[in-house]
Amino acid sequence: MLRGATIGRGVCATGRIKIRNHGTLCIGRKVTFLGGMIPTQIIVHRGARLDIGDETLFNYGASIEVWNELTIGRRCMIASMVRIADGPGQPASAVRLGDNVWIAHGAAIGPSVTIGEGSTLAAGSVLDRDVPPQTLAIGDPARFVGLNLLAGLSARSSTTTASSFTGAVLSKESLQ
């Protein structure tokens with residue numbers, strides 16, 4: 001299944017993974033592929049390169065397709081049913097996920113996108129442009145909320161409720 005890939009120590013797959021590697025596939029140390037109803041699918045086309053950073057976690061049903069170049073940073077979390085593709089044969093630049101990035105259930109990432117370190121893409125969101133570091137991207141198309149705004153809310157009130165948190169995320173002024 002991982003034949004032809006460069007694999008770090010401690011890589012673990014607890015379920016089915018479908019891999020078609022015709023390019024370069026590098027999997028870092030302690031990367032985990034979780035099992036589930038639907039296998040994770042990774043396709044690396046001829047001449048393409050996929051680098052997966054150390055301690056990254058893939059939930060079941062993720063779909064990764066690389067035509068050019070895709071880099072996933074260290075300690076990233078890729079939820080179930082996530083789709084990442086850098087475009088079929090078009091001259092697109094690389095897709096890059098920084099360290100500590102979380103891609104939530106059912107999100108989709110298109111070609112030529114960079115996601116900054118510590119950012120989150122919310123469930124079901126569609127991303128077609130770069131995300132700055134420490135940012136929450138939400139919606140279709142994705143809009144951005146700085147995660148430092150959310151941290152500031154909890155600092156002002158030690159009893160921040162779920163409704164005030166949701167209101168902060170979805171307020172018109174905080175969305176770009």
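The values are calculated or read from the model by the stated rules, or taken from the named source; none is laboratory data. This is a predicted model, so every value here is computed, not measured. Note: ideal-geometry Cβ built from the backbone for every residue, glycine included; neighbour counts use all protein chains shown. Accessible surface is based on the protein model in full, side chains and every heavy atom, while ligands, DNA and RNA are left aside. Shrake-Rupley method; radii C 1.70, N 1.55, O 1.52, S 1.80 Å.
Could you please let me know if Thr40 is hydroxyl-bearing (Ser, Thr, Tyr) and farther than 22 Å from Ala107 by Cα? No; evaluated as a whole, the condition is false for this residue. Only a single item in (1) buried (at least 17 other Cβ atoms within 10 Å of the Cβ); (2) farther than 22 Å from Val31 by Cα; (3) among the β-branched types (Val, Ile, Thr); (4) at pLDDT 90 or above is not met by Val126, and it is number (1). Selection of the range 39-48 for residues being touching a strand residue (DSSP E or B) at 6+ places or on another chain (Cβ under 9 Å), assigned to a loop (DSSP other than H, G, I, E, B) and open to solvent by 40 Å² or more (accessible area, probe 1.4 Å) yields only Gly47. Exactly one condition in (1) over 17 Å from the mean Cα position of the chain (by Cα); (2) assigned to a loop (DSSP other than H, G, I, E, B) is false for Arg75; which is it? Every condition holds for Arg75 apart from (1).
Taking Leu70, is it in contact with a Ser or Thr (Cβ under 8 Å, 6 or more places away or on another chain), assigned to a strand (DSSP E or B) and surrounded by 20 or more Cβ atoms within 10 Å (Cβ to Cβ)? I'd like the intermediate steps shown before the answer.
On the way: in contact with a Ser or Thr (Cβ under 8 Å, 6 or more places away or on another chain): no; assigned to a strand (DSSP E or B): yes; surrounded by 20 or more Cβ atoms within 10 Å (Cβ to Cβ): yes.
Taking the combined requirement at face value, the residue does not satisfy it.
Of all the numbered requirements in (1) farther than 23 Å from Asp128 by Cβ; (2) of a type outside the set (Asp, Glu); (3) not in a loop (DSSP other than H, G, I, E, B), Tyr60 misses one, and that requirement is (3).
Restricting to the range 86-122, and then to whatever is assigned to a strand (DSSP E or B) and either open to solvent by 20 Å² or more (accessible area, probe 1.4 Å) or aromatic (Phe, Trp, Tyr) (or both), can you tell me which residue is nearest to Ser63 (Cα to Cα)?
Filtering the range 86-122 down to residues assigned to a strand (DSSP E or B) leaves 95-97, 102-103, 108-109, 114-115, 120-121.
Narrowing the set further to residues that are either open to solvent by 20 Å² or more (accessible area, probe 1.4 Å) or aromatic (Phe, Trp, Tyr) (or both) leaves 96, 102, 108, 114, 120.
Numbers: Arg96: 16, Trp102: 15, Ala108: 9, Thr114: 18, Thr120: 18 Å.
The residue in question is Ala108.
Results for (1) in contact with an Asp or Glu (Cβ under 6 Å, 6 or more places away or on another chain); (2) open to solvent by 20 Å² or more (accessible area, probe 1.4 Å); (3) more than 20 Å from Ala107 (Cβ to Cβ), shown as yes or no for each residue.
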| site | (1), (2), (3) |
| --- | --- |
| Ala13 | no, yes, yes |
| Arg16 | no, yes, yes |
| Thr24 | no, yes, yes |
| Thr32 | no, yes, no |
| Leu50 | no, no, no |
| Thr56 | no, no, no |
| Tyr60 | no, yes, no |
| Ser63 | no, yes, no |
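Screening Gly4, Gly106 for residues that are free of Cβ contacts under 8 Å to residues at least 24 places away in the same chain and on the phi > 0 side of the Ramachandran plot leaves exactly one candidate, Gly4.
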